[in-house]
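J.: Handing you a structure now.
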Amino acid sequence: MNRLNSVQLVFTMVGCLCFCLQAGCSSSTFRGNNDDDIPGKYRIKTDHVILHSDVKLDTDDPLIRELKELRRQIARTLELELGEKQVEVFMFKDEASYHRFLANHFPGLPPRRAYFVGTSRKLAIYTVWTEQIREDLRHEFTHGVLHASLPSVPLWLDEGFAEYFELPTVPGVPRDDYLTELARLQQNGWKPNLRRLEQLDAVGEMQRLDYAESWAWVHWMLHNNPQTRTSLLDYLNYPDRADAMPLSRRLNLLMPSPEQALARWIAQSNSRSQIPDQN
Ligand SMILES: [Zn+2]
């Protein structure tokens, strides 16, 4: 199913855990954005982002510049042909007005700090100004850029890329938080399983560990070697061909056990990151 034909919600909770709700919300639950409870005090329009905000920001605010640079970074990293669709960001100034809006427009959803809502008509981010605004915006905007450019993105991969880009880390340097968590789980018997991730197609099925594992596969494939990187990028950029051969099978053509290779990378990278700085 073309996911842009359905309403998709991706939302960030504390700790940047996200869920996607697909097809569970009909388009009728999404009302127009001319309602008076939506941020509209300030409006900044750039080529690919429109920000509606109740928080005053200048056109050259670092947050706006960061989103522009993030869009370029995503295109460079993923060799993505960027789409022309604009992403609209609705930024509330306080949690009270934000949660009131959510209750009115998306009743029943749990309160989270940010949502991405993608439909065939509109790509929108709803969020509130908090200390985590930078990473929340980076995460949701990654969803926006992907859905503005591609007809479909598998759920686990969508979240894996959003987790990959949400922190402004040096390219190739793995996230300490997920790396530490996955290494600890591995010591207790957990093993990566890409085929299991590929089966996930409902947000309710995705747990925090699934976001961490999705990040790990994305990071490892991008930086392991040119073959794993090409395999990932071909899979992403040619979704019509992706259905014919899942990524797990593509990786199996490159190596006998990608799961073991990822597990080794997690253990080795984590032990390296634990070595104290000698300087
Ligand atoms: Zn997400």
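The values are calculated or read from the model by the stated rules, or taken from the named source; none is laboratory data. Computed from a predicted model, the values in this text were never measured in an experiment. Reconstructed Cβ throughout: ideal geometry from the backbone, glycine too, with neighbour counts over all protein chains shown.
J.: Any residue at all in the stretch 142-158 that's farther than 26 Å from VAL89 by Cβ, more than 16 Å from the ligand (Cβ to nearest atom) and in contact (Cβ under 8 Å) with a residue 12 or more places away in the chain?
T.: no
J.: Since LEU137 meets every condition but one in (1) farther than 25 Å from TYR238 by Cβ; (2) surrounded by fewer than 24 Cβ atoms within 10 Å (Cβ to Cβ), which condition does it not meet?
T.: (2)
J.: In the stretch 214-233, which residues are surrounded by 15 or more Cβ atoms within 10 Å (Cβ to Cβ) and without any contact (Cβ under 8 Å) to a residue 40 or more places away in the chain?
T.: MET221, THR228, ARG229, SER231, LEU232
J.: If the requirement is being away from the ligand (no atom under 16 Å from the Cβ) and among the aliphatic types (A, V, I, L, M), which of these qualifies: LEU200, LEU194, LEU209?
T.: Only one candidate passes the filter, namely LEU194.
J.: Next up: Please go through (1) within 16 Å of the ligand (Cβ to nearest atom); (2) of a type in the set (Val, Ile, Thr); (3) over 18 Å from the mean Cα position of the chain (by Cα) for THR230 and return the number of the only condition it doesn't satisfy.
T.: The number of the failed condition is (1).
J.: Another question, if that's okay. Could you run through the stretch 155-178 and say how many residues are at pLDDT below 95, part of a helix (DSSP H, G or I) and among the aliphatic types (A, V, I, L, M)?
T.: Of the residues in that region, 1 qualify.
J.: Being at pLDDT 95 or above and basic (Lys, Arg) narrows it down to one of ARG76, ARG113, ARG65, ARG100, so name that one.
T.: After applying the criteria, what remains is ARG76.
J.: For the stretch 138-154, which positions are in a helix (DSSP H, G or I) and either more than 10 Å from the chain's Cα centre (by Cα) or in the same structural domain as GLU166 (by TED's automatic domain parsing) (or both)?
T.: Listed by number, the residues that qualify are HIS147, ALA148, SER149.
J.: Take LEU109 and tell me if it is within 16 Å of the ligand (Cβ to nearest atom), of a type outside the set (Lys, Arg) and touching an Asp or Glu at 6+ places or on another chain (Cβ under 7 Å).
T.: The answer is no for LEU109.
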